[in-house]
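Below you'll find the structure, written out as structure tokens, and then a few comments.
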Amino acid sequence: MRKISSFIMACAMCLSMTVVGTVAPQVAVQAEETATVELKEAPKAPSTYKTVAGYDCQLNYGDDAEEWLSAIDKVEVNGIEYEKATSSYSIWNNAKYYAKATLDSSDSTDVRYLLIGEGKFEKDESAVNKVVISADGYKDLVLEVNKDGKTVAIHTKHTGGTATCTKKAVCDFCGEEYGECASHNYGDEYESDGTYHWKKCQNEGCDATTEKEAHKGGEATTTKRAVCEVCGAEYGDLKQEDPKPADKTTEGKKDDTKPAEKPDRKTVKAKKVVVNKKRIVLKKGKKVKLKVKLKPANATEKVTFKSSNKKVAKVTKNGVVKAVKKGKCKITVKTASGKKAVVKVTVK
Ligand SMILES: [Zn+2]
Ligand SMILES: [Zn+2]
Ligand SMILES: [Zn+2]
């Protein structure tokens, strides 16, 4: 029966134009491609599909497919590589393919075609045969062909596989990656350094992190650094000691340490302390620096500043007065030997 059919097939080949068109392509959309190499697209759809006697599959094309047809160098059916045949007559029932790219004088039609033998086709009712056609310089064309080679569709709907956050899903049918990666799983825990916090993807093998954000919030004390309100990490510096107690300690220390150095450079005592202002009026929050001169001009004594009410105005060891809240107070400028000047401060 097959032998008889093969004769019919041979005739059918000659008359392919007249017997084509039993089945139209189901889909003519080009497959989604992610290849980075610049490859040409295979012809999107044969002009017609048909079977030639038996289950062999013939894909007919117009002359625009000549280049592609002559570049075909590999045909795989269900993962099995087919042998390239030199004539259409040897295709019958075999695992062979034949590409007719150019026409010759014996051709009665202008149809060019790719003939794929049914040799490795699955014949189950539910079978969808995977046919991959490779042509040099072109993207592979993946076809879904039914059991008798009559229904042919370009494979476009990738299915199956599971996307992870690092890898796209792999199509069960064609083995290509498709779709998008799954989103990262950042969880609730932060990682941090001295300045930033961020989250790291919890999924195995994934190094993705969220963007780094600076720590924020929390308040430093003199003994404990600020705690970031987002990630809970400590950050920044300790709070500086209050200027006034610091004054005392430093001055105290200076008094303790200086004497050792003093003998070779004698301190010239001041006879008078002169401040550039006798009274100052400040708005709350404002600052002003007091300029102090000692007389005689060659006096080398250090001076200290002291506020009579630091709730109203504070003063630093360098003489910068800061208005804290409404009220009045005095800033006393004093030398170690006891000379002093007083500045009246009004905070409005
Ligand atoms: Zn696929
Ligand atoms: Zn991830
Ligand atoms: Zn943080």
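The values are calculated or read from the model by the stated rules, or taken from the named source; none is laboratory data. For clarity, every value in this text was computed on a predicted model and none was experimentally measured. Cβ coordinates were reconstructed from backbone atoms using ideal geometry, including for glycine residues, and neighbour counts include every protein chain displayed.
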Go through (1) within 16 Å of ligand 2 (Cβ to nearest atom); (2) surrounded by 13 or more Cβ atoms within 10 Å (Cβ to Cβ); (3) not small (Gly, Ala, Ser) for GLU211 and report which single condition fails.
(2)
Scan the stretch 115-130 and give yes if some residue there is more than 20 Å from ASN60 (Cβ to Cβ), in a loop (DSSP other than H, G, I, E, B) and either aliphatic (A, V, I, L, M) or not assigned by TED's automatic domain parsing to the domain that holds VAL77 (or both), otherwise no.
yes
Here is a check on your reading of the model: is GLY117 crowded, with 17+ Cβ neighbours inside 10 Å and farther than 30 Å from SER70 by Cβ?
no
Conditions first: (1) within 26 Å of TYR82 (Cβ to Cβ); (2) among the charged types (D, E, K, R); (3) in a loop (DSSP other than H, G, I, E, B). GLU144 passes all but one, so which condition is the exception?
(3)
Tell me the strands (runs of 3 or more DSSP E) entirely within the stretch 302-348 that contain at least 3 residues that are assigned by TED's automatic domain parsing to the domain that holds ALA270 and more than 15 Å from VAL275 (Cα to Cα).
327-335
Does at least one position in the stretch 137-153 carry a residue that is in contact with a helix residue (DSSP H, G or I) (Cβ under 8 Å, 6 or more places away or on another chain) and either assigned by TED's automatic domain parsing to the domain that holds GLN58 or within 16 Å of ligand 3 (Cβ to nearest atom) (or both)?
yes
Hey, any hits in the stretch 142-164 for a residue that's crowded, with 18+ Cβ neighbours inside 10 Å and within 16 Å of ligand 2 (Cβ to nearest atom)?
no
Restricting attention to the stretch 173-186, does a residue exist that is modelled with pLDDT of 90 or more, within 16 Å of ligand 3 (Cβ to nearest atom) and assigned to a loop (DSSP other than H, G, I, E, B)?
yes
Among the listed residues GLU180, GLU76, GLU118, GLU83, which satisfies the condition of being more than 35 Å from the chain's Cα centre (by Cα) and free of Cβ contacts under 8 Å to residues at least 24 places away in the same chain?
GLU83
